[in-house]
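The values are calculated or read from the model by the stated rules, or taken from the named source; none is laboratory data. All figures in this text were calculated on a predicted structure; none of them were measured in a lab. Counting neighbours? That spans all protein chains shown, and the Cβs are built from the backbone with ideal geometry, glycine included. Please note that ligands, DNA and RNA were not included when accessible areas were found on the heavy atoms of the full protein model with its side chains. Shrake-Rupley method; radii C 1.70, N 1.55, O 1.52, S 1.80 Å.
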Amino acid sequence: MTEIKTLYKELSTVYSPAQVEEKWYPIWGKSGAYKPSKNGSDCFTLMIPPPNVTGILHMGHVLNNTIQDVLVRRARMLGKSTLWLPGMDHASIATEAKVTKMLKEEGINKREIGREEFLNHAWKWKEKYGGIIFQQLKKLGASCDWDREKFTMDADYSKAVLEVFVQLYNDGLIYRGKRIINWDPQGQTALSEEEVIHKDTMGHLWHFRYPLSDGSGHLVVATTRPETMLGDTGVAVNPKDKRYTDLIGKTALLPVVNREIPIFADDYVDMEFGTGCVKVTPAHDPNDFDMGARNNLDIINIFHANASLNENAPKEFQGLDRYEARKKVIAEMESLGLLDKTEDYEHSVGHSERTDAVIEPYLSKQWFVKMQPLAEPALEVVKDGKVKIYPERWVKTYNHWLENIKDWCISRQLWWGHRIPVWYKGDEIYCGLEEPEGDGWVQDPDVLDTWFSSWLWPFATLGWPEKTEDIKKFYPTQDLVTGPDIIFFWVARMIMAGLYFKKEIPFSNVYFTGIIRDDQGRKMSKSLGNSPDPLDLFDKYGADAVRVSILMIAPQGLDILFSEERLEQGRNFMNKLWNSARFIRMNLDADLPGDLSTLDEKKLDSTDHWILSRLNNVIGAVDNAYSEYKMNEAIKKVYDFTRADFCDWYIEFAKTRFYGDDAEDRKTAQIVSVHVIRIILKLLHPYSPFITEELWESFKKPEEKLLISETWPLSDSEWINEDVEQDVQILMDVISAVRNIRASLNVSPAKEADLSIRGSKNTCDTLCKNENYIQRLAKLDAIHYGEKTEKPAQSATAVVKGLELFVPLAGLIDISKEVERLEKQIQDMEGRLNAVSRKLDNANFVERAPKNVISHERNKMQNYQADLIKLQENLNSLQN
């Protein structure tokens, strides 16, 4: 073949991700590709789950935002007017904690400087540190419309939040009430039920004797929180419990405090738990609060906001931390002879999601949203299929929460956030967007729960309620990609808000990602040291490789076991794609060959028909996977086709023609190769945008521009031919079988072998037509076919789909030396197998060794067994 002088920029011999990724991101931005097209009537809108202003990119963000970017890039290529809107959440609790800590390090006390000065510091902190994650997402390749970036405390967004509060207040769905709430004594703020993480904790169950006031005996109560007894105002028994029927209506003398408290009956009491007698502390337990209300008990709060004991506790306990008070109560009860017994007891303890402090049930006046009226329509739209959830198993969780929903505590005792638009003057309450006229009005000091702003995210980001143009165009949105851990915090509430304020669902599809864990199944965390910095991984492997690798191991909604070694798969694939594209481009003229439409179909050989059939089958399979939100299946289809069908096989077939003397046949192979690589680049672009855009430069037509704005390929059933696919599959299986024989018997690559094939006439005829491929790719000289072909002496044998393959070994190898070598290998392998078997038969080893070590040993044994079988088969073929 004559050397071709190329005018195009030749692809470098080695793919350099860093250079390519740095090059393309700003080019896409300048081209306007991230913005919705003005002429597209069919819109696709995706709202980024707003990361906290304090957020730094972690592997969960990589998974979530890669999936979003895949959906957005494909929608863009489908010709839709696409908006992926980015933004940040102000994260009240987390941000206030960070700023408070920063000020403390500077010797500044938050309370001393006051609210306004603190907020000035908070805004400065936000401007300096907020949004770091967005720069990191750009490294990932996230194709958001950055000009539309939103922050939940932007002026227009804040106005929307306050309008929602006022409307719900006026509609009777927001109220203020004194209730038991979840109190974070470290953050010193109320929390909603969803902001409490319950952890199984090994503690104790203390059994205390409460003497009867009349001196006739005592009751035994059990508690996991002895310090709360100081606030007890009653003892409850079940009315059906015959053990205590005579005591109902009497009183007990509360030890330490010496307060007389009533013994009463309530159906809530579980007769089987403990002794069947329950100490009741209405101010510090939600169930006790309800019993207290039903039975007119006193309510005595014994805690300060920081969980130290207040003036309602006995003097010697005042000022003690709750855990110090616990020790003192136990000691006092023991000294009084009233500690009946102590048991080990595992129970679930609530912790603050943000500070990890143990939650204190706390009686407090807070603002609440009535959730039942909002929940019912949100249940219906999922039940009716208007909002689809992937994977479907999360529907059960969604329904369970909404069917058992509690009112939402929305007030937080913080300064950073949306201040509640309510003012007080004496007994008067005013709720509105503007401060009421007249003197003496004092605004509520609390701010709204962060989620009270983010539940409006799908429409408040578009300028609701004042700007209507974007709302009409981009709302409702289409897809939401998020984690199942915020199904209650955010997803369900957004559906409620959309239906209530916009009378429309906020999105049609919800895709819940899995959780990324390490290879031992543990959640990633800094403390465990198992959470790699994604930017380090981008530097080492390339962002495309990380994106592809993560999604390859991410089945829909299932947790992902991650190890850095798994990124090798993505990096190797990028290199293979690059090298294959480079090879094709090196074997083209300066200009691209003609389109597939210019070819005479009769000129196509069976491998051309095969690759085009496989390509169109894959396009259809990829589209089906997208329609079911099976992102990992979509990339696997493209990956397998590109790596195996195209790179490993078609290009190998095409080399015969690229280097051949038939110019017309070479042109045919070039046209087919270019057609297929162009479609591959389009299919891969949503997953690996950088490398595909770089390679597109070498394969685009003069009138074409950026790949990011190209059209998505369509499957053409005219090219699909299952018979051709079967025929070429047999061809590849035959070549692979002969290659395996050569490799297992150490046949020199320089030596050509003969091959005899025994099989049906039709199959043999098909193989005969492709004999040139078999000869070149399997390093063969003569090939004999027939239904009654004899097996030559001293032949290696393989069976492929009913075909018997015989490779005569005489002259290829020294058979006696090969027999000797194989016998030694078998002896060595048997020794290894015996050693690992003895280890796994040792019960002591299996009981004590870590699971990953045992798994490694079992994998070794399986591999040794498989290798031993192969060695024995090869030995038998030579000896027979």
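Tell me yes or no: at least one residue of the range 807-818 is hydroxyl-bearing (S, T, Y), open to solvent by 60 Å² or more (accessible area, probe 1.4 Å) and assigned to a helix (DSSP H, G or I).
So far as the range 807-818 goes, yes, one or more of its residues are hydroxyl-bearing (S, T, Y), open to solvent by 60 Å² or more (accessible area, probe 1.4 Å) and assigned to a helix (DSSP H, G or I).
So is Q135 of a type outside the set (K, R), under 37 Å from the mean Cα position of the chain (by Cα), part of a loop (DSSP other than H, G, I, E, B) and at pLDDT below 95 or not?
no
Could you tell me whether K870 is in contact with a helix residue (DSSP H, G or I) (Cβ under 9 Å, 6 or more places away or on another chain) and open to solvent by 50 Å² or more (accessible area, probe 1.4 Å)?
Yes: the conditions hold for K870.
Of all residues being open to solvent by less than 70 Å² (accessible area, probe 1.4 Å) and more than 50 Å from the chain's Cα centre (by Cα) in the range 301-341, which is nearest to K365 (Cα to Cα)? Just the residue, please.
My answer is P314.
Inspect the range 180-202 for any residue being touching a helix residue (DSSP H, G or I) at 6+ places or on another chain (Cβ under 7 Å) and in a helix (DSSP H, G or I) and give the result as yes or no.
Yes: one or more hits.
If we only count helices (runs of 4 or more DSSP H) wholly inside the range 651-744, which ones have 2 or more residues that are closer than 17 Å to K576 by Cβ and charged (D, E, K, R)?
Numbers: elements: 651-658, 663-684, 689-699, 722-744.
Passing ranges, in order: 651-658.
Looking only at the range 103-139, which residues are of a type outside the set (D, E, K, R) and under 26 Å from P534 (Cα atoms)? Write out each step before concluding.
We begin by selecting, within the range 103-139, every residue of a type outside the set (D, E, K, R); these are 103, 107-109, 113-114, 118-123, 125, 129-137.
W125, Y129, G130, G131, I132, I133, F134, Q135, Q136, L137 - these are the residues of the range 103-139 that are of a type outside the set (D, E, K, R) and under 26 Å from P534 (Cα atoms).
Looking only at the range 767-791, which residues are touching a residue at least 60 places away in the same chain (Cβ under 8 Å) and either exposed (fewer than 12 other Cβ atoms within 10 Å of the Cβ) or part of a helix (DSSP H, G or I) (or both)?
To start, the set of residues in the range 767-791 that are touching a residue at least 60 places away in the same chain (Cβ under 8 Å) comprises 769-770, 772-773, 776-777.
Selection gives K769, N772, Y773, R776, L777.
Considering only residues that are over 18 Å from S352 (Cβ atoms) and among the aliphatic types (A, V, I, L, M), which ones fall in the range 89-105?
The answer is M102, L103.
For the structure I just gave you, tell me whether S580 is modelled with pLDDT under 90 and open to solvent by 10 Å² or more (accessible area, probe 1.4 Å).
Values: modelled with pLDDT under 90: no; open to solvent by 10 Å² or more (accessible area, probe 1.4 Å): yes.
No; evaluated as a whole, the condition is false for this residue.
For G557, only one of the following conditions fails: (1) surrounded by fewer than 21 Cβ atoms within 10 Å (Cβ to Cβ); (2) in a loop (DSSP other than H, G, I, E, B); (3) touching a Leu at 6+ places or on another chain (Cβ under 9 Å). What is its number?
That leaves (3) as the condition not met.
Considering only residues that are among the hydrophobic types (A, V, I, L, M, F, W, C) and within 17 Å of T692 (Cβ to Cβ), which ones fall in the range 624-655?
Within the range 624-655, M631, A634, I635, V638, F641, F646, C647 meet the criteria.
Of all residues in the range 66-93, which are open to solvent by less than 10 Å² (accessible area, probe 1.4 Å) and either β-branched (V, I, T) or over 30 Å from R419 (Cα atoms) (or both)?
Of everything in the range 66-93, those that are open to solvent by less than 10 Å² (accessible area, probe 1.4 Å) and either β-branched (V, I, T) or over 30 Å from R419 (Cα atoms) (or both) turn out to be T66, I67, Q68, D69, V70, V72, R73, A75, M77, S81, T82, L83.
For the structure I just gave you, tell me whether Y15 is modelled with pLDDT of 90 or more, surrounded by 12 or more Cβ atoms within 10 Å (Cβ to Cβ) and assigned to a loop (DSSP other than H, G, I, E, B).
yes
Given the residues E830, E847, which is the only one that is open to solvent by 30 Å² or more (accessible area, probe 1.4 Å), assigned to a helix (DSSP H, G or I) and either modelled with pLDDT of 90 or more or hydroxyl-bearing (S, T, Y) (or both)?
Working: E847 fails: either modelled with pLDDT of 90 or more or hydroxyl-bearing (S, T, Y) (or both).
Testing whether each residue is open to solvent by 30 Å² or more (accessible area, probe 1.4 Å), assigned to a helix (DSSP H, G or I) and either modelled with pLDDT of 90 or more or hydroxyl-bearing (S, T, Y) (or both) leaves just E830.
Checking the condition under 30 Å from P506 (Cα atoms) and in contact with a helix residue (DSSP H, G or I) (Cβ under 8 Å, 6 or more places away or on another chain), which residue from L46, L11, L78 passes?
Result: L46 is the single residue among L46, L11, L78 that is under 30 Å from P506 (Cα atoms) and in contact with a helix residue (DSSP H, G or I) (Cβ under 8 Å, 6 or more places away or on another chain).
Would you point out the residue of the range 280-294, among those that are of a type in the set (D, E, K, R) and under 23 Å from A305 (Cα atoms), that is surrounded by the most Cβ atoms within 10 Å (Cβ to Cβ)?
Here the answer is D288.
Which condition number in (1) free of Cβ contacts under 8 Å to residues at least 40 places away in the same chain; (2) of a type in the set (K, R); (3) more than 27 Å from D605 (Cα to Cα) is the one that R742 fails?
Here R742 clears every test but (1).
Can you name every residue in the range 209-252 that is among the acidic types (D, E), in contact (Cβ under 8 Å) with a residue 12 or more places away in the chain and open to solvent by 40 Å² or more (accessible area, probe 1.4 Å)?
Within the range 209-252, just D214 meets the criteria.
Right, T598: surrounded by 20 or more Cβ atoms within 10 Å (Cβ to Cβ), polar (S, T, N, Q) and either within 42 Å of the chain's Cα centre (by Cα) or over 23 Å from F690 (Cβ atoms) (or both) or not?
no
Considering each of I410, I429 in turn, give the residue that is open to solvent by less than 40 Å² (accessible area, probe 1.4 Å) and not acidic (D, E).
I410
So the check is Cβ under 6 Å with 6+ separation or different chains; which pairs have a first residue in the range 108-131 that's under 13 Å from K98 (Cα atoms) and a second one that's basic (K, R) and part of a helix (DSSP H, G or I)?
What qualifies is F118/K110.
Could you please give the count of residues in the range 321-377 that are of a type outside the set (F, W, Y) and either assigned to a strand (DSSP E or B) or within 22 Å of E96 (Cα to Cα) (or both)?
28
Cβ-Cβ under 6 Å, sequence separation 6+ or interchain: first residue in the range 606-622 and within 14 Å of C647 (Cα to Cα) and open to solvent by 10 Å² or more (accessible area, probe 1.4 Å), partner acidic (D, E) and in a helix (DSSP H, G or I). Which pairs?
R614/D645
Take the range 146-198 and flag every residue that is open to solvent by 40 Å² or more (accessible area, probe 1.4 Å) and either of a type in the set (G, A, S) or within 20 Å of I486 (Cα to Cα) (or both).
A155, E193, I197, H198
Could you please give the count of residues in the range 238-282 that are among the acidic types (D, E), under 52 Å from the mean Cα position of the chain (by Cα) and over 22 Å from T342 (Cβ atoms)? Even if it seems obvious, please write down each step before you answer.
Just the residues of the range 238-282 that are among the acidic types (D, E), to begin with: 241, 246, 260, 266-267, 270, 272.
Keeping just the survivors that are under 52 Å from the mean Cα position of the chain (by Cα) gives 241, 266-267, 270, 272.
Checking the rest, the ones that are also over 22 Å from T342 (Cβ atoms) come to 241, 266-267.
Residues that pass the stated criteria total 3.
Quickly run through the range 505-545 and pick out the residues that are of a type outside the set (D, E), surrounded by 15 or more Cβ atoms within 10 Å (Cβ to Cβ) and part of a strand (DSSP E or B).
N509, V510, Y511, F512, I516, R517
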